1. Based on what the data block shows, is GLY168 surrounded by fewer than 17 Cβ atoms within 10 Å (Cβ to Cβ) and closer than 21 Å to ASN391 by Cα?
2. Only residues that are of a type in the set (Asp, Glu) and surrounded by 14 or more Cβ atoms within 10 Å (Cβ to Cβ): list them for region 1-54, please.
3. Is it the case that some residue within region 205-212 is more than 24 Å from GLU161 (Cβ to Cβ) and either within 19 Å of the chain's Cα centre (by Cα) or not polar (S, T, N, Q) (or both)?
4. From ALA432, ALA408, which residue is part of a helix (DSSP H, G or I), within 26 Å of LEU358 (Cα to Cα), in contact with a Ser or Thr (Cβ under 9 Å, 6 or more places away or on another chain) and touching a residue at least 12 places away in the same chain (Cβ under 8 Å)?
5. Go through region 513-543 residue by residue and tally those that are free of Cβ contacts under 8 Å to residues at least 12 places away in the same chain and assigned to a helix (DSSP H, G or I).
6. Let me spell it out: the conditions are (1) under 23 Å from TYR467 (Cα atoms); (2) touching a residue at least 60 places away in the same chain (Cβ under 8 Å), and LEU266 meets all of them except one. Which number is the exception?
7. Report, by residue number, each residue of region 34-85 that is of a type in the set (Ser, Thr, Tyr) and either at pLDDT below 50 or in a loop (DSSP other than H, G, I, E, B) (or both).
8. Helices (runs of 4 or more DSSP H) wholly in region 234-329 with at least 3 residues that are in the same structural domain as ARG464 (by TED's automatic domain parsing) and at pLDDT below 85 - which ones?
Amino acid sequence: MSPTLAFQISFLLLGTTAVPHYIYDPAAPDPHNETVEAVAWVLRDRVKGLRVAVWTSEEKPRLKDTGKMAEDDGQHDEDEDQWQHWSSDSENVKPKEDDEQEKNIFHQERPNWKQRQRRRWKDLTSSGTWVLRLATQSNKGSGPWDISSWRQGDAQLTDDEASSLEDGIWCVPLVLQHTGAPVHNDVWRSELREILRALDLGFNQPMIGYPFKITVNERCRVVVRMAAPGEQQWQGWGLDEVKKVWAVLAAWEREIVATDSMAGVLGFWYLSRGLEWRGVKELRREEGRRRRALMRRRGKGAGDWWRKMWADGRMEDGEVKMPGDRKELWTVIHELDEEGLMRLLQDMRDLEQRGERLAVSFDVGRAHAGGSGGGDRTDECTTSTISSIENIIFQSHRSSLDPNELLAYLDFLACLLAFANETLYDDLLRMAISFRDRAVSVRESVSESLARFLGIIQARPETRQYYDHFLGSYEEDSPDGLVVKGSPFEAITRVVEKQRQREKEYMGTFIERYERAGGFFRVGREALSALLVDEDRRATWRA
């Protein structure tokens, strides 16, 4: 049984106030809802047989009170500020006992409403239907539920873009979402191509005065969630499989990063960056243990004992030795036993709970993880009950309305995980060593090594062709940079395309600069010590 994937594509619909009010009415209580319905109608009309549903939440329970939010024994609920209420007027004033009864009904109905929303969302997304919805506006858990964690500003205009909007222009952030698509299935691929074509034909006509435009900016992302084979029985990804995936992500990070954009590599942590942060964290923990041991060590010879202990700690015994001075990133993963893997999973979760975003996130189900999220942790691993990971989520890629790009990216991820899942671990390591030895010996460019990697994971010919052109187009003008002079969207289009071009130019030299700085290799202990000292120095300055 092949893995299944879920993905969401965010984009921005721009329009003018010249459109009919049944498409966008700024005076309506929820003007965007009609806009989503209009976009869905265009898709159904242009893509025959397409099943697309619009998600709208049911009206939330509303408290009829004196204009104040209900209190819950002094405890503030994280959703409390989201519940609507009616302002008081002469007709709503009630006796105190009726008011208390109304509050009790409200607090009883609130969890029921949330459960109904979750059931509706689950039924909709598990039916194989394409879902069109407004982009998430808050993280209060009232739905819809994104594939990955939401952050303020996602799928929104930047400040520069918002300031470039001319009078009479509105913007609606939208998300197209599909769940449960078998990786080896061409139906959804064909439908996705037709959907994107319909959006382009329906809303991107290159005419002066045309009242619509669809675009994507640096805050619009493609998020892909990959479930392991046997999702219906919830098998999940086992630790052995996760270790192989991590080994592939580490061994071929140079090639994987090359498919991303500037916003992706700067805004999301790739594995090398996460392992570096973790190395500093482990070093800090180790030094704390050493200091405590030194304080307990008294008497003659304590200084010599400490110097020997510190010198031993600086040795990097156990590392996999590589030709020359190279220390490949995957060797960090190779040295982890089961407990080490679980600790790494928890460290990555801690990193996300601190507000950072990972390029590849491992979704550990709450029912399978011990302890509670966040906060300081002791040396004992709190994830000893983790037996599998529900999903692997890729979330750094810039959104696109180009079907060739999206299909190539989705195929790339599917083939990458299939390669990791189906290849024996020892074979993966041998292939990684052989691959990098050749890349170094012949000074292979990233485009050449990516082409070889796509061949190894057996990507589709269309995918190889797309990325061959993609890496060769860093210096070309953006193909989407069609700014129609005189269009009401001319100013904002220029801002969006200028940023897109900056990202391409940045990535043209980023790989080389990052590699020269040792970014794709294991960070040694001395370098970690220097990073620790620098981190402490910055903390002192901030204090």
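The values are calculated or read from the model by the stated rules, or taken from the named source; none is laboratory data. The structure presented is a predicted model; accordingly, all values stated were derived computationally and were not measured. FYI the Cβ positions are ideal-geometry reconstructions off the backbone, even for glycines, and counts take in every protein chain you see.
1. When the stated conditions are applied, GLY168 does not pass them.
2. ASP25, GLU34, GLU37
3. No: region 205-212 contains no residue that is more than 24 Å from GLU161 (Cβ to Cβ) and either within 19 Å of the chain's Cα centre (by Cα) or not polar (S, T, N, Q) (or both).
4. ALA408
5. Selection size over region 513-543: 13.
6. (2)
7. Listed by number, the residues that qualify are THR56, SER57, THR66.
8. Correct list: 271-296, 302-314.
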